[in-house]
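Structure record follows, encoded as structure tokens.
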Amino acid sequence: MSFAALISLKLTIQRILNSSQILISSSCQDNIELAYENVKSLQELFPLENGRNKERVKAVEKEIREASCRLEDVVESAHVSNQHFLSRSEMSPDGDEMSNLAMEVKEETNFFIGTVKKIKEQLSNTSLQPEEYEEAMEEEIPSRTHHFVATKPKIFGLDSDLIKLKGFLTSASLRLEIFSIVGMAGIGKTTLAKEVYEDPDMFHHFGCCAFVSIGQEYRFKEILLRILAQINPATKAYEIYEEQYAEYLYRCLRGRRYLIVLDDVWGQHTWDELRRYFPDDTNGSRILLTTRIEAVADYASFYALHKMQFLTEKDSWHLLCETVFGEEHSCPPQLEKPGKKIADKCEGLPLSIIVIGKHLSKAEMTPEYWSNVAEKESSNIIGADAEMSKVLYF
């Protein structure tokens with residue numbers, strides 16, 4: 001559904017912009033913020049038009065879904081690629097590489113904004129028929145030429161984890177419950193947490209929700225403000241004294257069934273600092289925490305802890321194929337043997353597979369090139385895992 005694609009895009013942008021560390025360049029951030037405003041405006045218009053004329057809305061669903069998925073993919077790609085650049089050394093990423101990332105974000109943002117503009121114009125024209133709208137979209141919105149595959153790969157090997165986590169979050173227990181997801185960098189903690197958080201059932205079950213990335217270095221005030229911005233968008237920070245942020249958050253949550261996701265928590269003190277401002281009104285509220293440190297997970301939720309597992313050989317191969325070729329295409333037979341070798345070298349770590357998959361999607365689709373990657377280049381990417389753990393939010 002196109003509306004679901006809009007929500008997914010909006011939440012992806014929120015998660016990146018609400019990170020407590022700056023993980024994207026300023027030029028990328030400007031374009032992403034511009035896209036976010038357009039997402040909100042289209043999201044507000046969509047339900048209204050859906051009630052007035054479902055046929056006209058149905059006619060534009062494909063364009064909305066395509067533009068949303070394309071933009072979400074490039075935003076996620078810029079985020080992941082930037083972290084990979086940072087993981088390679090203590091130096092700043094190469095200027096050309098960062099420039100290319102910023103250009104990709106800008107191009108897809110312009111495509112998305114152009115799509116939104118045309119959709120608004122066409123939806124406001126009550127005389128336009130669905131088939132006429134489709135023709136207009138094909139004529140007036142240019143397609144961007146890009147490399148093979150632009151769709152965001154779906155998750156693999158997490159079905160049982162999703163069922164378990166959703167069951168916990170929506171259980172009958174009325175007390176405030178905390179659930180921790182623990183695992184090494186790149187294993188998919190944030191992916192799992194995000195997948196559950198974005199499930200429509202969560203938004204129906206909870207009165208308010210917030211997802212905030214914390215990281216090793218953070219400012220307590222900024223974390224509070226980012227949570228407030230999601231549970232109470234009308235909050236005006238300048239009207240509240242800094243020392244009152246925490247108390248104000250507590251008051252905003254009182255009496256409401258809430259879901260708070262604290263992504264990438266590094267220390268017990270972080271949990272202690274935040275925990276006191278999450279009220280327990282025995283109404284079924286939940287807190288979901290992700291961390292790389294098992295001691296932190298034990299400390300926050302000893303009896304409700306989930307340890308992430310590495311992907312199986314089969315799931316690793318499927319993830320690599322979908323990252324490179326997308327859902328609608330399969331791996332050519334001549335690339336299967338070196339491709340499976342590449343997937344095996346990633347040792348079941350989703351982030352390694354995605355990073356190298358994005359590289360392969362823009363490279364030569366030849367057995368020779370893929371064999372070279374399998375023998376030499378992949379080790380450079382996969383060997384960066386220790387460095388990735390310093391900066392990646394996944």
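The values are calculated or read from the model by the stated rules, or taken from the named source; none is laboratory data. Keep in mind that what you see is a predicted model, and the values were worked out from it rather than measured. Neighbour counts are summed over all protein chains in view; Cβ atoms, including those assigned to glycine, are modelled from backbone coordinates with ideal geometry.
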Report summary line: Per the list (1) in a helix (DSSP H, G or I); (2) in contact with a Leu (Cβ under 6 Å, 6 or more places away or on another chain), residue check on TRP317 breaks on (2)
Report task. Report yes if SER285 is under 30 Å from LYS362 (Cβ atoms) and of a type in the set (Ser, Thr, Tyr), otherwise no. Result -> no
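Conditions (1) in a helix (DSSP H, G or I); (2) more than 17 Å from THR191 (Cα to Cα); (3) at pLDDT below 60, marked per residue:
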position	(1), (2), (3)
PHE85	yes, yes, yes
VAL116	yes, yes, no
LYS120	yes, yes, no
SER160	yes, no, no
Report task. Test THR270 against the criterion of being buried (at least 20 other Cβ atoms within 10 Å of the Cβ) and in contact with a strand residue (DSSP E or B) (Cβ under 7 Å, 6 or more places away or on another chain), and give yes or no. Result -> no
Report task. Considering each residue of region 316-334, count those that are over 16 Å from THR190 (Cβ atoms) and in contact with a helix residue (DSSP H, G or I) (Cβ under 6 Å, 6 or more places away or on another chain), and give that number. Result -> 7
Query - Out of LEU289, LEU274, LEU262, sole residue that is in the same structural domain as LEU225 (by TED's automatic domain parsing) and assigned to a helix (DSSP H, G or I) - result: LEU274
Query raised in the report: Would it be correct to say that LEU288 is under 30 Å from ILE342 (Cα atoms) and surrounded by 16 or more Cβ atoms within 10 Å (Cβ to Cβ)?
Result: no
Report summary line: Within region 316-344, restricting to residues that are among the charged types (D, E, K, R) and modelled with pLDDT under 90, the one that is farthest from the chain's Cα centre (by Cα) is GLU328
**Report entry** Positions within region 178-196 being under 15 Å from ILE260 (Cα atoms) and either in contact with a helix residue (DSSP H, G or I) (Cβ under 7 Å, 6 or more places away or on another chain) or aliphatic (A, V, I, L, M) (or both), in sequence order
**Finding:** ILE178, PHE179, SER180, ILE181, LEU192, ALA193, LYS194, GLU195, VAL196
Query raised in the report: Out of PHE211, PHE168, which single residue is modelled with pLDDT of 90 or more, aromatic (Phe, Trp, Tyr) and outside any helix (DSSP H, G or I)?
Result: PHE211
Requested in this report: Would you point out the residue of region 279-315, among those that are among the basic types (Lys, Arg) and out of contact with any helix residue (DSSP H, G or I) (no Cβ under 6 Å at 6 or more places or on another chain), that is nearest to LYS345 (Cα to Cα)?
Outcome: LYS314
**Report entry** Selected residue (only one of ALA300, ALA229, ALA304 is hydrophobic (A, V, I, L, M, F, W, C) and modelled with pLDDT of 90 or more)
**Finding:** ALA300
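Quick one: would you say THR282 is in contact (Cβ under 8 Å) with a residue 40 or more places away in the chain and in the same structural domain as VAL355 (by TED's automatic domain parsing)?
Judged against the criteria, THR282 is not a match.
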